[in-house]
Each structure stands twice: as C-alpha cells, then as structure tokens.
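Where a number appears in this text, it was derived from the coordinates with a stated rule and is not lab data. Just so you know, these numbers come straight off a predicted model, no measurement behind them. Here the Cβ positions follow ideal geometry from the backbone for every residue, glycine too, while neighbour counts run over all protein chains shown.
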Ligand SMILES: NC(=O)c1ccc[n+]([C@@H]2O[C@H](COP(=O)([O-])OP(=O)(O)OC[C@H]3O[C@@H](n4cnc5c(N)ncnc54)[C@H](O)[C@@H]3O)[C@@H](O)[C@H]2O)c1
Ligand SMILES: [Zn+2]
C-alpha cells in the first residue's frame, strides 16, 4: 500500500492532519471514511470541469470502493469566478442534492476551488465539514492548509471570507501531472519562499535539483511538497490568525501583491508576482542591513533559475504607493519580511520609500 506521510496541523478550533503521498487519491475513500467517522452521511464533492475531466474517474473509483454515499457538482473556477454569486449558486445546488448539516464537502481543485468550497462549508447551514484535496502545486503547498477561505469582491481580492479549518487535507503529487507548465512553476516559488523563511535545506535542494523538480520527478516532488507543507503547518499551528509568525509566510508578497494589483491580476500568476517580490525583498533586506549581499544573491539566483517570469513594467511609484496600502498594513506603515539568513526571516516596518523604489527598479531591470 502507498505510504502516507502524516503532518499534523494544530489550530485552536481543531487539530487535523495533512496526509501526503503519491497514490493518496486512490485511498481517499477509505481515509475519509475513517477520518470523518462516516456512516451514511452525504458527501458532496465540489470540483471544476477542468479537474474533474482529468481526475474525476480516479476519485469516483476510490469513493465507490469505500461505499460512501456521495455525489458531485461542478462549479466554475478561475479567479474571475471566485465570487459570492458562484458560492450562492453552489449553496442552492447543495440543497437540491440533499446536503444537510451532517454532510461534508470535498473541495477538489486548485486554490480558487479550495477557497470557495471552504467558504461554502463555513456558511452552509451555519457550517459543515470540509476536506481539501488540492490539485495545483500552489494549493497543495499553501492554499489548502490553514483554514483561510473566501471570495473576491469587485473592489478587491479575498475581501469576504472566514476561517474554517478542514477535517483533513489529502495531497497527492500525482495530480500535478496534468497541470500546465506555467502553473507548476508558479507553485514552486511558494515552496522556495518556505525555504527562505524557515528551511535552509529545502532552499538548498531547490537550488541544487532544479531539473529534477521541473521534471516533476516523483521523489523530488514528494520531498519538496512535504517540506513546504511542514513549514506552513508549523507556522499556522502556532498562529492561526496571522498576527505574528504567520506574517512570515508573506515573504515576497508585499511587492508581489502590488505587482498583481497594478496589472489588474492579468499579467502575473500569483506565484510569479511573488517570485519578483522575493527578489525585491532580498534587496530591501540588504538595504536595511538585515540580509547579507551573499544571501540576497543566492535568493535572486534561486528564483531566476525557475524562470521565465513575466516582465515587470509597472510604474515604480505606483508599485511603491501600493505597498503602503497593502492589506497587511496596519496604520499606514509598510511591512516587509526580510531574510536574516537563508531559513530565517523577520518582519520590518517603515522601510523608506526610496529603498523600495530602488528595489522595484532593480527587478524591472532584471526582468528585461
Ligand atoms: N487560502 C489560502 O491560504 C490561500 C493561499 C494562497 C492562495 N490562495 C488562493 O488560491 C487561488 C489560486 O489558486 P491556484 O493557483 O491553485 O489557481 P486555480 O485554482 O485558479 O487553478 C489554476 C488552473 O489550474 C487548473 N487546474 C487545477 N488543478 C489542475 C490539475 N490537476 N490539472 C490540470 N489543471 C488543473 C484550474 O482549472 C485552473 O485553470 C487564489 O484565488 C488565491 O487567493 C489561498
Ligand atoms: Zn502566496
């Protein structure tokens, strides 16, 4: 039988496990039956056409074999569909399918599906259980863990949502076989981020084994995902609601979010914007005396070896202005996460605007 790695997540509302391993998808039915102590409760898999087309048959087989009472529904995915109205239609669909308070949802898709279905589970009949089965690299190492759920408004991303921890998270790296190259690379930057902030040996393995990772070699993929999940799980276990430690996970995100917003979320995938943001944060770290020039160079080289990345063309001042209005900003200050060594990071505040501007100019030059 496939070996399954268990990574515990301990948040205040609930302790749960991430179960990770190649072939976990085929064991989903029996894992869910035992983990959720299921008898005859209705399970509703909520997925997207794109994912279901590739992997629906495998999940079906596994749920049937465990003799679960289950059904599925497909909803639109992609950032533009991540809205209250999609969640509302899905909720209507749940009632038509006969889902009640004892039912559990399975979010089977990328981060968009995970966030929407997590949110749906948080509010449907005032809260039902949810299991995350993430199918993109970004969702496997980041979005599916920690219980943040939500949708976008026209006025901004993730502005409506709630914390709703899953019962468990099932991660099968095999699911990534059908993911397109650009989406796959974009997920790698979140893994690299985990290395920079908390796991030097993860960072070094990504530095060293680029080709193996890009080839999605089984062992390399399993190990990289596991290490990143351990970083995220450890951080959210200590700090569910993003007051202190959890902010370290935003390494590269201050500039990354600004780049995404400034290009109307059309030019960069999230991970790609974070990639540029990680380099900018390294430069800001050097200017602030927190990051050594050598470590900044290593971070820059490590990021760029997973390129191509979209070119950065936005107006420098517009980017700098957005860093002060970042969602994570408290009281108008800016905050940056900077590395004090590879594998260690801290939060710094009130970085002078000319320092940020120089870092942005530098990534613009690098991107040409
Ligand atoms: N909750 C959190 O803590 C958290 C953290 C990070 C990101 N997010 C959210 O995650 C979202 C981004 O998630 P994403 O990058 O996974 O994007 P996504 O969910 O939009 O998926 C990207 C694309 O890949 C397709 N896809 C998914 N799995 C596939 C597979 N196995 N094979 C082939 N195609 C597949 C999807 O249909 C989609 O077209 C954003 O909305 C972001 O806000 C949430
Ligand atoms: Zn991110």
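Kirkwood radius for segment 70-219, taken over all pairs of different Cα atoms as the inverse mean of 1/r, rounds to 16.3 Å. Inter-label distance, residue 344 to residue 358: 2.4 nm, where each label sits 7 Å from its Cα along the C-beta direction. For segment 1-146, rounded, prolate or oblate, judged on the Cα gyration tensor with a ≥ b ≥ c (square roots of eigenvalues), a/c < 1.5 rounded, else prolate if a/b > b/c? Note, shape of segment 1-146 comes out rounded. Considering all C-alpha pairs of segment 1-54, those separated by over 18 Å amount to 50%.
Computed packing ranks the peptides 301-309, 134-142, 267-275 as 134-142, 267-275, 301-309, most packed first, by mean other Cβ atoms within 10 Å.
A protection proxy built from the mean count of other Cβ atoms within 10 Å ranks the segments 186-199, 75-88, most packed first, as 186-199, 75-88. Using C-alpha pairs below 8 Å separated by at least 6 residues, the relative contact order for the chain is 14 percent.
The modelled label-to-label distance between residue 368 and residue 14, using points 7 Å beyond Cα along the C-beta direction, is 5.2 nm. Modelled spin labels at residue 6 and residue 216, positioned 7 Å past Cα toward Cβ, are 2.9 nm from each other. In terms of surrounding Cβ atoms within a 10 Å radius of their Cβ, 26, 172, 361, 180 rank from fewest to most as 180, 361, 26, 172.
Anisotropy class assigned to segment 160-300 is rounded, per the alpha carbon gyration tensor with a/c under the 1.5 cut-off. From the square roots a ≥ b ≥ c of the eigenvalues of the alpha-carbon gyration tensor of segment 130-181, which class results: rounded (a/c under 1.5), prolate (a/b over b/c), or oblate? Cα axes put segment 130-181 in the oblate bin.
Geometric descriptor of segment 271-351, per residue, is 98 Å³ (volume of the convex hull of the Cα atoms). Full extension of the chain segment joining residue 294 with residue 316 gains 5.4 nm, where the gain is 0.36 nm per residue of separation less the Cα-Cα distance.
If I build a Gaussian network model for the chain, linking alpha-carbon pairs within less than 10 angstrom, which residue out of 318, 28, 258 has the largest mean-square fluctuation? Ranking 318, 28, 258 by mean-square fluctuation puts 318 first.
Applying 1/(1 + (r/R0)^6) with R0 = 25 Å to the Cβ-Cβ distance of residue 207 and residue 178 gives a FRET efficiency near 0.35. Considering all C-alpha pairs of the chain, those separated by over 26 Å amount to 49%.
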